[in-house]
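Report on the structure given below.
The values are calculated or read from the model by the stated rules, or taken from the named source; none is laboratory data. Keep in mind it's a predicted model, so treat the numbers as computed, not measured. FYI the Cβ positions are ideal-geometry reconstructions off the backbone, even for glycines, and counts take in every protein chain you see.
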Amino acid sequence: MKRMGLCFLVLTGMVWAQTTTFEYIGSNRCKPCHSKAEVGAQFAQWGSTAHAHAYETLLTDESKAIATKLGLKTLPENSPECLVCHVTGWGSPSGYKLDIPADDAKALKANANLAAVGCESCHGPGSEYKSKKVKEAVVAGTMTKASVGLLDPTEATCLVCHNSKSPTYKPFDWKSKQAAITHPNPAHTH
């Protein structure tokens with residue numbers, strides 16, 4: 001009987017581990033740990049990039065003209081075709097949404113925090129790796145990045161949006177672009 005109980009616990013744990021859903025939490029949740037100069041001030045570096053302002057570009061006359069040319073039925077800031085590459089987590093239950101109730105202040109704030117190509121667009125949803133304790137375990141090697149949803153961006157990560165299907169695409173050299181936006185932590189790597 002004890003053996004059966006132990007097997008049940010192990011199997012339950014395995015099923016839970018395989019069904020862990022990583023959720024988007026927004027870049028502002030990264031700011032407390034990634035703002036300090038001694039760890040690379042990554043948040044400020046990101047804030048000065050086009051990625052941090054990607055959603056804002058959808059509000060411009062240029063984007064409206066592109067949407068019209070493409071035959072989109074809605075404004076760029078309301079078009080899934082545009083949002084997929086201009087916000088964080090589009091299409092995910094915890095990602096950016098268009099249908100937030102106007103009286104839900106908490107959800108509106110969380111959604112606004114996803115209105116950019118944020119940290120999680122490249123590094124994966126942060127719900128499981130947001131804590132200092134988890135980050136320390138990853139750095140120490142007692143926990144893997146993958147087990148908490150933390151991704152190392154690759155060329156394929158960028159090509160999801162930076163490709164010939166984008167109406168504003170310009171070919172680019174990934175290595176030079178990656179070097180321009182890199183924001184390492186001098187104390188350790190993610």
Verdict on LYS132 being loosely packed, with under 13 Cβ neighbours inside 10 Å and touching a residue at least 60 places away in the same chain (Cβ under 8 Å): yes
Enumerated helices (runs of 4 or more DSSP H) restricted to the range 30-74, each holding at least 1 residues that are at pLDDT 95 or above: 54-57, 61-70
A careful count of residues in the range 64-91 that are of a type in the set (A, V, I, L, M, F, W, C) and over 25 Å from SER27 (Cβ atoms) gives 5
From the set of residues in the range 67-87 that are closer than 13 Å to ALA116 by Cβ and out of contact with any Phe, Trp or Tyr (no Cβ under 6 Å at 6 or more places or on another chain), which is surrounded by the most Cβ atoms within 10 Å (Cβ to Cβ)? GLU77
The range 124-146, residues that are outside any helix (DSSP H, G or I) and either closer than 24 Å to TYR96 by Cα or under 17 Å from the mean Cα position of the chain (by Cα) (or both): GLY124, PRO125, GLY126, SER127, GLU128, TYR129, LYS130, SER131, LYS145
I'd like the full set of residues that are among the hydrophobic types (A, V, I, L, M, F, W, C) and either closer than 15 Å to GLY124 by Cα or buried (at least 18 other Cβ atoms within 10 Å of the Cβ) (or both), limited to the range 88-104. TRP90
Have a look at ASN185, ASN113 and point out the one that is in contact with a Ser or Thr (Cβ under 9 Å, 6 or more places away or on another chain) and under 19 Å from SER35 (Cα atoms). ASN113
Pull out all pairs, ordered by first then second residue, where Cβ-Cβ is under 8 Å, the residues are six or more apart or on different chains, the first lies in the range 82-101 and is on the phi > 0 side of the Ramachandran plot and in contact (Cβ under 8 Å) with a residue 24 or more places away in the chain, and the second is outside any loop (DSSP other than H, G, I, E, B) and not charged (D, E, K, R). GLY89/SER121
